[in-house]
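Quick note: the coordinates plus some simple rules give every number you see, no bench work behind them. A quick note: this is a predicted structure, and the numbers were derived from the prediction, not measured. Cβ placement follows ideal geometry from the backbone for every residue including glycine, while neighbour counts extend to all protein chains displayed.
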């Protein structure tokens with residue numbers, strides 16, 4: 001349980017929001033903020049992955065991605081939010097990419113040459 005305090009009114013209101021972890025799908029599920037409680041919007045990993053897929057893999061424009069996300073969740077997200085998703089992915093993969101490149105460069109090259117000569121000629 002996470003305790004949240006709402007300071008939008010002169011009197012603070014105490015709200016308990018549950019955060020549950022699913023072992024089957026390895027994800028964390030958070031409850032939505034109540035409508036009268038302002039708070040930061042938190043988009044799930046599924047929506048982030050969908051946006052990254054649209055922008056990076058499908059190479060859809062930011063404007064078109066906005067329309068697709070609006071049809072999915074009913075809200076328009078600004079382009080900066082989409083770019084933030086991609087930037088966070090870049091930062092998350094940067095260290096892994098560096099380590100992978102380093103390991104590849106250190107590993108001995110395994111080049112297999114195959115002599116394909118037939119009757120003295122190469123093909």
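For the pair residue 56/residue 30, report the inter-label distance in nm, with labels modelled 7 Å from Cα in the Cβ direction.
Using points 7 Å along Cα→Cβ, the separation is 2.1 nm.
Multiplying the sequence separation of residue 21 and residue 70 by 0.36 nm and subtracting their Cα-Cα distance, what value in nm do you get?
That works out to 14.9 nm of additional length.
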